[in-house]
Amino acid sequence: MGKALIIGCGGVASVTIHKCCQNSDVFEEICIASRTKSKCDALKEKLSGGKTKITTAQVDADDVNQLINLINEFKPDVVINLALPYQDLTIMDACLATKVHYVDTANYEPLDTAKFEYKWQWAYRERFEKAGITALLGSGFDPGVTGVFSAYAMKHHFDEINYIDILDCNAGDHGYPFATNFNPEINIREVSANGSYWEDGKWVETKPMEIKRVYNFPEIGEKDMYLLHHEELESLGLNIKGIKRIRFFMTFGQSYLTHLKCLENVGMTSIEPIEFEGHKIVPLQFLKAVLPDPASLGPRTVGKTNIGCIFQGKKDGKDKTYYLYNVCDHQECYKEVGSQAISYTTGVPAMIGAMLIMNGTWKKPGVYNIEEFDPDPFMDALNKWGLPWKESFNPDLVE
Ligand code: NDP
């Protein structure tokens with residue numbers, strides 16, 4: 001059917017690339033382009049021999065001109081941005097200049113401020129519309145599948161949804177005292193920021209890790225969850241009819257929290273540059289360099305993830321509760337694509353989002369969050385491509 005340019009070659013990209021190669025009827029040709037070309041070449045080597053034709057390229061995705069040249073050379077139907085949130089706008093600029101569709105999994109975050117918001121990317125709406133191209137924002141798991149779940153619940157189960165709790169539970173164990181499951185810099189920026197949730201049309205701010213609850217998850221058991229700010233709260237708060245409150249909770253083990261507190265207390269999580277032996281260094285970037293690479297956690301991580309949403313609202317005048325979730329096994333993912341479940345649960349939806357744009361199902365000029373599209377084809381594809389979902393009308397989750 002067509003060609004995809006994949007930018008970035010880290011943990012998430014590796015899964016998306018494996019999945020594109022499994023789906024060679026749609027992804028006839030892919031180009032893997034990243035800052036470090038040797039990683040792209042290694043993956044190409046591993047996957048060559050399949051039906052999808054693979055090429056590789058070196059690109060600095062902070063440089064719009066380099067991106068434009070690469071797109072003009074490869075002529076993809078879609079660009080899948082799996083680099084870091086800092087590159088979202090340069091890649092969107094390059095897509096605009098070349099009139100190519102755009103997909104990502106995380107919203108833009110300026111390098112010097114730990115503040116992720118959609119306003120920068122939503123500002124591209126008119127320009128994408130005029131150019132006749134689609135930007136699909138947040139096609140990972142959260143954001144991503146959580147938005148598709150919300151749209152599906154709204155379409156099939158509710159007249160209005162009043163409350164959504166997004167529960168991201170990772171019961172995996174990688175055996176290290178401290179490591180992050182995806183890019184350490186992005187992960188630590190996210191969890192050391194103040195928490196917040198959306199209630200009655202405005203944000204309520206909390207201190208980091210201030211709100212804790214214990215949930216008893218299907219197939220996993222009891223886990224401590226902490227309220228965090230998360231990017232999909234911003235778009236779901238606007239796009240889901242009747243919403244009164246939406247919150248996001250994530251699991252953190254005691255060892256992770258103790259290490260994080262200690263690193264914070266000594267200044268290692270700061271993003272303010274400091275002078276060190278004649279160089280300017282950012283402590284958090286230095287910390288990233290000494291922590292285990294998330295891509296290396298695959299073989300050592302055992303256990304499962306359970307990510308989903310609890311919806312409460314009204315159907316035909318009656319109160320209704322509905323729980324939609326996916327359970328993913330770290331070792332199963334590793335056997336299939338050589339990655340742990342956090343990369344897997346993000347990389348598979350990125351492939352699905354790109355597929356739905358390429359095959360025309362979700363082609364719509366403009367910039368959209370994932371819940372703005374018809375969820376049904378995505379829900380079918382989740383079952384087909386490795387992230388089957390389960391539902392419950394009687395969840396008994398909270399302790
Ligand atoms: P990694 O750090 O493993 O990979 C990032 C990749 O981007 C690396 O290959 C890196 O290159 C490349 N890169 C970074 N800067 C540039 C640049 N300027 N030009 C070209 N390439 C660059 O991160 P992950 O795979 O863990 O995460 C990828 C994205 O997925 C992130 O945006 C993250 O926030 C998002 N994510 C989304 C989730 C969701 O559910 N929605 C969940 C988890 C992650 P190099 O190899 O040289 O470092």
How many residues of segment 1-22 are open to solvent by 10 Å² or more (accessible area, probe 1.4 Å), part of a helix (DSSP H, G or I) and within 10 Å of the ligand (Cβ to nearest atom)? The answer is 3
It is to be established whether one or more residues within segment 122-133 are open to solvent by less than 10 Å² (accessible area, probe 1.4 Å), at pLDDT 95 or above, at negative phi and within 16 Å of the ligand (Cβ to nearest atom).
no
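Yes/no matrix, rows are residues, columns are (1) out of contact with any Phe, Trp or Tyr (no Cβ under 9 Å at 6 or more places or on another chain); (2) part of a helix (DSSP H, G or I); (3) under 19 Å from SER139 (Cα atoms); (4) acidic (Asp, Glu):
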| residue | (1), (2), (3), (4) |
| --- | --- |
| SER24 | yes, no, no, no |
| SER38 | yes, yes, no, no |
| LYS44 | yes, yes, no, no |
| ASN72 | yes, yes, no, no |
| TYR86 | no, yes, yes, no |
| ILE91 | no, yes, yes, no |
The residue that is farthest from the ligand (Cβ to nearest atom), considering only those in segment 60-74 that are crowded, with 16+ Cβ neighbours inside 10 Å and over 15 Å from TYR102 (Cβ atoms), is GLN66
With respect to TYR152, determine if the residue is at pLDDT 95 or above, over 17 Å from the mean Cα position of the chain (by Cα), within 24 Å of LEU324 (Cα to Cα) and open to solvent by 40 Å² or more (accessible area, probe 1.4 Å).
no
Segment 344-387, residues that are open to solvent by 10 Å² or more (accessible area, probe 1.4 Å) and within 24 Å of PRO294 (Cβ to Cβ):
THR346, TRP385, GLY386
Among residues of segment 235-246, those that are on the phi < 0 side of the Ramachandran plot, touching a residue at least 24 places away in the same chain (Cβ under 8 Å) and more than 17 Å from the chain's Cα centre (by Cα), counted
8
From the option list MET351, MET379, MET355, single residue qualifying as touching a Cys at 6+ places or on another chain (Cβ under 7 Å), over 25 Å from VAL214 (Cα atoms) and at pLDDT 95 or above is MET351
Being modelled with pLDDT of 95 or more, open to solvent by 30 Å² or more (accessible area, probe 1.4 Å) and more than 16 Å from the ligand (Cβ to nearest atom), is that true of even one residue in segment 187-198?
yes
The residue that is farthest from the ligand (Cβ to nearest atom), considering only those in segment 48-59 that are surrounded by 19 or more Cβ atoms within 10 Å (Cβ to Cβ) and over 23 Å from THR134 (Cβ atoms), is ILE54
Can you tell me which residues in segment 235-256 are surrounded by 17 or more Cβ atoms within 10 Å (Cβ to Cβ) and not aromatic (Phe, Trp, Tyr)?
SER235, LEU236, GLY237, ASN239, ILE240, ILE243, ILE246, ARG247, MET250, THR251
Which is open to solvent by 10 Å² or more (accessible area, probe 1.4 Å), closer than 14 Å to ARG247 by Cα and not aromatic (Phe, Trp, Tyr), of ASP173, ASP168?
ASP168
Condition check for TYR118: more than 14 Å from the ligand (Cβ to nearest atom) and in contact with a helix residue (DSSP H, G or I) (Cβ under 6 Å, 6 or more places away or on another chain)
no
Would you pick out the residues in segment 112-121 that are within 18 Å of the chain's Cα centre (by Cα) and open to solvent by 10 Å² or more (accessible area, probe 1.4 Å)?
ALA114, LYS115, PHE116, GLU117, LYS119, TRP120
Just to verify a result, which residue in segment 279-313, among those that are assigned to a helix (DSSP H, G or I) and within 30 Å of GLY221 (Cα to Cα), is modelled with the lowest pLDDT?
ALA295
In this structure, is ASP93 of a type in the set (D, E, K, R) and within 16 Å of the chain's Cα centre (by Cα)?
no
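The values are calculated or read from the model by the stated rules, or taken from the named source; none is laboratory data. Because the structure is a prediction, the values reported are computed rather than measured. Here the Cβ is made from the backbone with ideal geometry for all residues, glycine too, and neighbour counts use every protein chain on show. Note: areas computed on protein heavy atoms with side chains; ligands, DNA, RNA excluded. Shrake-Rupley method; radii C 1.70, N 1.55, O 1.52, S 1.80 Å.
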